[in-house]
Amino acid sequence: MVISVKGKVNHLEDIFRIGVITEPHGVRGEVKVFPTTDEPERIKKIKEIILDDGKEKRMVHPEAVRHQKNLLLIKFKEFNNRDEVERLRKKELFVSREYASPLKKDEYYISDLIGLKIIDEDDQEIGTLKDVLQTGANDVYQILMNDGKELLLPAIRQCVLKVDIEAGYVQVHVMDGLD
């Protein structure tokens with residue numbers, strides 16, 4: 001069981017960050033977006049995106065989405081000229097769970113994992129999952145141990161034995177040398 005996760009998330013509202021606006025593009029209200037999702041091509045199918053402008057979160061509606069190198073160019077129905085989007089630099093874009101990528105077997109959203117109890121092979125609670133670090137090779141679970149120490153545990157089948165989101169725990173095997 002190889003464990004992987006999808007997307008960064010705003011834990012308070014269970015919304016998933018899909019991109020960050022870098023700058024305006026052209027004069028018709030298009031913006032350049034750096035995608036922060038594993039599947040940027042899915043953004044073309046999304047009908048509602050949550051724009052966090054720093055003061056409030058509001059729904060915006062993509063009218064057109066196209067690729068330009070490693071960025072996306074997005075035209076939102078709500079904005080019609082460069083002046084309207086100029087203030088959106090560095091603003092984040094999110095989607096609700098309904099638009100999030102579907103999960104495969106043994107995949108979990110980070111937001112569903114954070115805060116779960118960590119139990120060992122003997123069903124003893126040893127800590128809480130504090131964060132998931134995405135390193136490239138494999139994810140790493142950042143665990144706050146009951147004794148106050150921090151444990152970094154690779155999310156590989158030798159270490160992660162069972163994930164039960166409904167019951168609220170992850171069962172792990174801490175390999176020698178990791179503790």
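Considering segment 127-157 alone, what residues qualify as being touching a residue at least 40 places away in the same chain (Cβ under 8 Å) and among the β-branched types (Val, Ile, Thr)? Residues satisfying the conditions are 132, 156. Within segment 102-115, one or more residues are in contact with a strand residue (DSSP E or B) (Cβ under 7 Å, 6 or more places away or on another chain), part of a helix (DSSP H, G or I) and not hydroxyl-bearing (Ser, Thr, Tyr).
Looking across segment 141-163, the residues that are within 22 Å of the chain's Cα centre (by Cα) and open to solvent by less than 40 Å² (accessible area, probe 1.4 Å) come down to 141, 142, 143, 151, 153, 154, 155, 160, 163. Of the residues 48, 78, 23, 39, the single one that is modelled with pLDDT under 95 and open to solvent by 60 Å² or more (accessible area, probe 1.4 Å) is 48. Can you name the residue in segment 1-20 that is part of a loop (DSSP other than H, G, I, E, B) and open to solvent by 10 Å² or more (accessible area, probe 1.4 Å) and, of all such residues, is modelled with the highest pLDDT? Looking at residues that are part of a loop (DSSP other than H, G, I, E, B) and open to solvent by 10 Å² or more (accessible area, probe 1.4 Å), I get 14.
Within segment 101-111, the set of residues being open to solvent by 40 Å² or more (accessible area, probe 1.4 Å) and charged (D, E, K, R) comprises 104, 105. Give the number of residues within segment 37-95 that are of a type in the set (Phe, Trp, Tyr) and under 21 Å from the mean Cα position of the chain (by Cα). Number satisfying all stated conditions: 1. Of the residues that make up segment 89-100, is at least one farther than 30 Å from residue 25 by Cβ and either modelled with pLDDT under 90 or surrounded by 14 or more Cβ atoms within 10 Å (Cβ to Cβ) (or both)? No, there is no match, as no residue in segment 89-100 is farther than 30 Å from residue 25 by Cβ and either modelled with pLDDT under 90 or surrounded by 14 or more Cβ atoms within 10 Å (Cβ to Cβ) (or both).
The values are calculated or read from the model by the stated rules, or taken from the named source; none is laboratory data. Computed from a predicted structure; not experimentally measured. When we count neighbours, we look across all protein chains shown, and the Cβ atoms used for this are built from the backbone with ideal geometry, even at glycine. Keep in mind that these areas ignore ligands, DNA and RNA; they rest on the heavy atoms of the full protein, side chains included. Shrake-Rupley method; radii C 1.70, N 1.55, O 1.52, S 1.80 Å.
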